[in-house]
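Report on one structure; see the data block that follows.
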Amino acid sequence: MSEDSTAKIRVAVVDDHEMFRAGVIATLQHTFDIVGQAADVPSSVAMIAQVKPQVVLLDVHVPGGEGGGGAEILLKSRPYSPDTVFLALSVSDAPQDVGSVIRAGAQGYVTKTITGADLISSIKQVHEGYAVFSPKLAGFVLSAFQGGSFGGADAPVHDEELDRLSAREQEVMRLIARGYTYKEVAAELFISIKTVETHVSSVLRKLQLSNRTELTRWAADRRIV
């Protein structure tokens with residue numbers, strides 16, 4: 001039973017509620033290597049700089065520092081650990097909270113109503129380079145992308161890029177860019193998951209993009225989602 005035959009993803013948890021933090025760690029510790037935890041802005045930045053986790057689960061409202069919470073932690077720790085990926089995990093679904101951490105560079109945002117299994121899946125997805133968002137937050141997330149904090153917004157809009165995609169590919173692209181999973185896209189469009197995968201591969205190839213994160217940014221920059 002050697003589940004450590006491949007290296008586990010190194011995860012840190014930032015949340016100021018001790019009982020919740022302990023519960024999250026208990027849920028994740030059999031799947032991931034929990035390398036750190038913290039409850040306020042200064043200790044979170046110091047912890048991330050020291051252990052350089054691959055993924056940080058980050059609450060939005062964290063005390064200390066200059067009052068910037070999770071976004072402040074992300075911005076201040078990035079120079080010390082540039083390869084760390086951040087997944088916001090918050091009780092809040094308020095637009096201003098979602099926007100603050102997405103603009104700061106979080107790879108995804110899920111609420112604390114998420115199941116343990118879905119949280120584990122979300123961590124794996126952001127580690128692989130995918131953007132992960134609760135579907136209900138799609139509108140907020142797109143507003144944050146359109147705020148201009150993500151790179152690539154300086155590129156001119158070329159309608160011919162969108163014209164390269166078939167009508168079905170455009171439908172799939174819009175749903176993927178909103179944070180839908182392949183399974184959710186398949187259910188929405190009444191097609192198979194395999195067909196969704198085929199369309200996504202085709203979209204990425206035609207637009208010369210590498211992954212879902214780039215696709216989300218591409219779509220949001222053009223306000224076509």
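Of note:
- Search result, residues across the stretch 177-206 that are surrounded by fewer than 18 Cβ atoms within 10 Å (Cβ to Cβ), of a type in the set (A, V, I, L, M) and either assigned to a helix (DSSP H, G or I) or in contact with a strand residue (DSSP E or B) (Cβ under 9 Å, 6 or more places away or on another chain) (or both): Ala187, Leu189, Ile193
- Of the residues making up the stretch 88-101, none is free of Cβ contacts under 8 Å to residues at least 40 places away in the same chain, farther than 21 Å from Glu72 by Cα, surrounded by 23 or more Cβ atoms within 10 Å (Cβ to Cβ) and of a type in the set (Gly, Ala, Ser).
- Contact annotation: residue pairs with Cβ atoms under 8 Å, 6 or more positions apart or on different chains, pairing a residue in the stretch 179-191 that is among the aliphatic types (A, V, I, L, M) with a partner that is at pLDDT below 90 and surrounded by fewer than 16 Cβ atoms within 10 Å (Cβ to Cβ), are Leu189/Arg168.
- Screening the stretch 23-56 for residues that are touching a strand residue (DSSP E or B) at 6+ places or on another chain (Cβ under 6 Å) and within 17 Å of Ala106 (Cα to Cα) and picking the one that is surrounded by the most Cβ atoms within 10 Å (Cβ to Cβ) gives Val56.
- Selection from the stretch 13-24 of residues that are within 19 Å of the chain's Cα centre (by Cα) and free of Cβ contacts under 8 Å to residues at least 60 places away in the same chain: Val13, Val14
- Considering residues of the stretch 118-136 that are in a helix (DSSP H, G or I) and of a type in the set (D, E, K, R) only, the residue nearest to Ile73 (Cα to Cα): Lys124
- Boolean, Ala131 is under 24 Å from Ala26 (Cβ atoms), under 8 Å from the mean Cα position of the chain (by Cα) and not assigned by the TED database to the domain that holds Arg217: no
- Of the numbered criteria (1) touching a Ser or Thr at 6+ places or on another chain (Cβ under 8 Å); (2) under 30 Å from Asp16 (Cβ atoms); (3) at pLDDT 85 or above, the one Leu137 fails is (3).
The values are calculated or read from the model by the stated rules, or taken from the named source; none is laboratory data. Because the structure is predicted, anything quoted here is derived from the model rather than measured. Please note: Cβ atoms are built from the backbone with ideal geometry, for glycine as well, and neighbour counts cover all protein chains shown.
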